[in-house]
1. Which of the residues belonging to the range 340-360 are more than 18 Å from Phe52 (Cα to Cα) and out of contact with any Lys or Arg (no Cβ under 9 Å at 6 or more places or on another chain)?
2. Does Phe213 satisfy the condition of being in contact with a Ser or Thr (Cβ under 8 Å, 6 or more places away or on another chain), in the same structural domain as Trp182 (by TED's automatic domain parsing) and under 19 Å from Ala299 (Cβ atoms)?
3. If we only count strands (runs of 3 or more DSSP E) wholly inside the range 127-231, which ones have 1 or more residues that are modelled with pLDDT under 80 and not aromatic (Phe, Trp, Tyr)?
4. Is there any pair linking a residue in the range 312-331 that is in contact (Cβ under 8 Å) with a residue 60 or more places away in the chain and buried (at least 16 other Cβ atoms within 10 Å of the Cβ) to one that is assigned to a loop (DSSP other than H, G, I, E, B) and of a type in the set (S, T, N, Q), with Cβ under 6 Å and at least six apart or on different chains, and which?
5. Could you look through the range 254-277, keep only residues that are at pLDDT 90 or above and within 23 Å of Cys176 (Cβ to Cβ), and pick out the one that is nearest to the chain's Cα centre (by Cα)?
6. All but one of (1) buried (at least 19 other Cβ atoms within 10 Å of the Cβ); (2) more than 18 Å from the chain's Cα centre (by Cα) hold for Leu280, so report the exception by its number.
7. Which members of the range 190-210 meet the condition of being within 23 Å of the chain's Cα centre (by Cα) and either under 20 Å from Ala299 (Cα atoms) or among the β-branched types (Val, Ile, Thr) (or both)?
8. Sort out for me the helices (runs of 4 or more DSSP H) sitting completely within the range 262-370 that have 3 or more residues that are under 29 Å from Leu65 (Cα atoms) and among the hydroxyl-bearing types (Ser, Thr, Tyr).
Amino acid sequence: MHIATCVWQEKAAAADMGGGGGGVGAGRRKRKGEWAALAAAAGGALNCAVSFVVFSALDVLDVVLCLVYKLVDYAVEAEWKACYCAAAARGDGAAGPRVLAPPGPKVVRLSASSAKMQLEDVSDTLYVRPSLLADATKKAGPAPPALTVSPAIAEMIRGKIDRPPRQAPCWSDCDCKVCHAWSAAPRSATHLYVHVQAPPAPAPGEAAEDVVFIHGFISSSVFWTETVFPAFSAAARGRYRMFAVDLLGFGRSPKPAESLYTLREHVEMIERSVLQRYRLGCFHVVAHSLGSVLALALAVKYPAAVKSLTLLAPPYFPVPESEAGAATQYVMRRVAPRRVWPPIAFGASMACWYEHVSRTICLTICRHHRVWDRLFRILTRNSGLTQRRPLPLCSRRGRRHAHDRPHAAA
C-alpha cells in the first residue's frame, strides 16, 4: 500500500512535467514528455521500493540500538536513560492515567517544580513516531481530535526536568575543554557562551547599535565570527556592537542532560545571556535556519525592542487547514519523508525518525569531532581557515533540535 501510494504521487508529479504546446514539432515534444514522465515514474517507483526496504530495516535497527544503549548506560553510569521510543497511547482502552491535550493552546503542567513547563513546549514528533510499516498500513481517516500522552512519556519528561543538574559528561559525550568548559564555573552553566565584538571607539555623541546573531542547526557562533564578521567594513565595525551566541546544547554553551531543549528554554537563555546581561534596550537580529525560529520568537516577545529581522534560510512550511489538527506530524513528513533520494531527505529522515540511530551518528561525529577536525585539516592541507577554527560539531542534543524545527514551524 505504501509503495503504491508513493508511486501514484511520483506519477502525479511526473505528469505535471508533461504537456506540450501546439505548432511544428508538437507531437515530437509530446512524445519526449511522455518518455520523460515514464522515466520519472520509474525512478520514483524505484526510490519508493528501496526506501521502504531501507527504512523498514532502520525501524528494526533502532529498536535493537535502544536495548543496546540501555544496557550500556546502565553498565557505565548505573542508571537507565529515558528515551522517546514509547508511542503515545491512543484510544479509550489505554491503561493508567493519561495527559489529555485538546486542540489549541495546551496548559497541562508536567512538573510541579517548573511552573512554566507545559505540554505545548514538547513537540509530539518526539514521541509519536510510528514505524514505516505501521504508518503505511494505518487506516485513512480524519486526524484524532485530541493528543493523548501515555503515562510513561509524562513520567519520563517529569523525571528529566525534576532531577538535579548533572555537571559531569556522560560516557557518550565529548569531554574536551571546548565542549565541556561550561561545567567549570557555576555561572557558565546558567548562561550561553557569547562572542562580543564591540566598536573600538564609537564616534562622539553616537551610540553603537546592537546586533544579535543566532546560528542554525549543528553549528555555533563560529558560523558568524569566522565567515561574516571579518567581511564587515571598518565603518560597520565602528557602528555596531555584535553578539554571536552559542545556542543551548551547541559549541561552548551548556549542554545539561536535564534540559528538554524547547523553544521556551532557548529564548529564556538568550534573554538571560544577552539581553539582560548586556542591557540591550533595542537591537537588530540576524539568524540562520533554526535560529530564525528563535529570532521570530524574540520579535513576538519584544516587538518594541527588535528594530529589524534578517532571516537566512528560515524553515517555513505552510500547513493546509485539513492538517491543522496534526500540524507537527504533517510538517515532519514534509521535512523527513523517509526517502533515500534526494540525500537531504535521507539525512533529515535519519535525524527525525530514528532516535537511537541518530544517537549513534552523534556519538560517531560529535563525540569524536577532534578526530574529524584533524582529518579535515589534512584534507585541506592545513588551510588558514581550519587553523583558525574547529569544525562546528560540538553539539549534544542534535536529535531534539531536529524536532524543534517542525514543531515551531507548524
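The values are calculated or read from the model by the stated rules, or taken from the named source; none is laboratory data. The structure displayed is predicted, hence computed values, not measured ones. Positions of Cβ are backbone-derived with ideal geometry, glycine not excepted, and every protein chain shown enters the neighbour counts.
1. First pass over the range 340-360, keeping only residues more than 18 Å from Phe52 (Cα to Cα): 355-356, 358-360.
The answer is His356, Thr360.
2. Judged against the criteria, Phe213 is a match.
3. Qualifying strands (runs of 3 or more DSSP E): 147-149.
4. Thr328/Ser123
5. Met269
6. Every listed condition holds for Leu280 apart from (1).
7. Thr190, Leu192, Val194, listed by residue number.
8. Working: elements: 263-270, 290-301, 327-335, 343-353, 355-365.
Result: 355-365.
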